[in-house]
Structure formats: C-alpha cells, structure tokens
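Worksheet for the structure shown next.
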Amino acid sequence: PAAVVKRMMLQRTKKLVETVFTINRDGERLFKQEGYRNVRYMPLGFDPVYFHPDPASGLRIREELRLRDKVVAYFGRLTPEKGIHILIRALAELREYAWHILLNYFDPASSSSHSKIKQLLEEAAIIDRVVFIHPTHTQIAAYMNAADIIVTPSVTIPTWKEQYGRVAAEAMACGKRVVASNSGALPDLLGGHGFIFEE
C-alpha cells in the first residue's frame, strides 16, 4: 500500500516540481525515468573546517589511544547493511599482521545486531585489537586523521543500498586511503580514488 501511495503522489506532483536534486547517480536516473523535467546530480558536501589533512590531531589521537601499529577504521552505524561483518571476516584473515581497528563503541546488550558483532569479533579472535571510540561528528575528523585505512563495506539488501557514503567523502577529504564496497553510490563517490571491492 505504501508503494502505491508513493506512486500516486509522484504522478500527481510531477508537473508542480521545477527541479529535483539528487545526491547520487541512481537517483538522477530514476527521476529522469519518471519523467521529471529538470534533474540535477548534486552530491552532499563536507565541512572543510573539520575534514582536512591534520597530522597533528591524528598524532594526538594515536598517542592518547596508544596506537603504534597500522590503524584500520570503521565509522558509521553498526547495522547489517553497513557491512561490519564483512570487515570483521577480512580482518580475521590478517591476524598475522600488526594492526588495530577503531570502532564506534556499542553495547552488546542493546540489540541483537550489536550482540552479533561482539560474537563475530570473539569468533575471529580479534576483539583484543578493537579500540572503541565514541566521538561526536565534529571529532570524527581527528580519528580519521589517526587512521591509516578507512573501510566502508556496505551491503545491498532488498530494501536498501548505500545512498551516499558520507564517511568515504570525509575520509578522502582527510587524505586517507578508503576501501569501499561497490554498493550503491560508493563507486561514483570515490570517483576512481581508493579501492573498490565487490560487496
């Protein structure tokens, strides 16, 4: 029923809309297919006041967290579609190397998804390499500058795919290597920079 209502609203409002701005190429294609006259692709931005290369703040974070080895980082929601399980499995294959992972703090008792992440980390025998962080959005830039590699391993599911991937844009603004899946808008967003893998 919701899809039918949305379809009816699209048809009724189409003639009233002067311009549609979309944040990804998929949205641009979809609205053009729907017959909208003026569709413009306009990616989201980032605030360069916070997101820029800043070795000093990165070094400060590394010292505060006692990070001496390579640092892999994941920033974002800890939900299945964001692909954290893929990153955990990949890191399990790299245990012979010296690294730590920065990961948003989570409470395993708060949801089945968080409980599953804890279980995966324990099964992979890498939970001792996790450095839990809890930054605000404006503090994330300093943690990005402390990382060597930032991963956005999103996974497409029937009801969702990566619409933008703000973390990837902000990480690139900080001058960091980004490893991303090819879910949704991520390949367009990276624009040939970083590394793309099959989701």
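The values are calculated or read from the model by the stated rules, or taken from the named source; none is laboratory data. Keep in mind that this is a model prediction, so the values were computed, not measured. Ideal geometry is used to build each Cβ from the backbone, glycine not excepted, and the neighbour counts take in all protein chains shown. Remember, those area values only see protein heavy atoms, side chains included, never the ligands or the DNA or RNA. Shrake-Rupley method; radii C 1.70, N 1.55, O 1.52, S 1.80 Å.
Mind jotting down the distance between the C-alpha centroids of the range 13-41 and the range 139-199, whole Å?
25 Å
Where the only charges are on Cβ atoms (+1 Lys, Arg; -1 Asp, Glu), what is the dipole of the chain about its Cα centre, to the nearest 20 debye?
Dipole magnitude for the chain comes out near 800 debye.
What percent antiparallel are the DSSP beta bridges of the chain, to the nearest 5?
5 percent
Which trypsin sites (Lys or Arg not before Pro) does the range 34-66 hold that lie in a coil by DSSP with at most 10 other beta carbons within 10 Å?
Numbers: sites: 37, 40, 60, 62, 66; in loops: 37, 66.
Passing both the DSSP loop test and the Cβ count: 66.
Rounded to the nearest 500, what is the 222 nm mean residue ellipticity of the chain from helices alone, with -39500 (n - 2.57) per DSSP H run of 4+ residues and division by all residues?
The helix contribution divided over the chain gives -10500 deg cm²/dmol.
Whenever you get a sec, line up 183, 112 from highest to lowest accessible area (probe 1.4 Å, protein heavy atoms).
My answer, sorted largest first, is 112, 183.
Shape call for the range 18-94 from the C-alpha gyration tensor, a ≥ b ≥ c root eigenvalues: rounded (a/c under 1.5), prolate (a/b greater than b/c) or oblate?
Oblate is the answer for the range 18-94, as a/c is 1.5 or above yet b/c matches or exceeds a/b.
Quick one: what are the phi-derived ³J(HN,Hα) couplings along the range 151-163, Karplus 6.51/-1.76/1.60 with θ = phi - 60°, whole Hz, x for glycine and proline?
These are the phi-based 3J(HN,Hα) values: 10, 10, x, 4, 10, 6, 10, x, 10, 7, 8, 4, 7 Hz.
So what's Rg/Rh here for the range 92-188, counting alpha carbon atoms and using the Kirkwood radius for Rh?
Working: Rg = 14.5 Å, Rh = 15.0 Å.
Using only Cα positions, Rg/Rh for the range 92-188 is 0.96.
Excluding ligands and nucleic acids, what accessible area in Å² is computed for residue 30 using a 1.4 Å probe, to the nearest 10?
Surface open to solvent at residue 30 totals about 100 Å².
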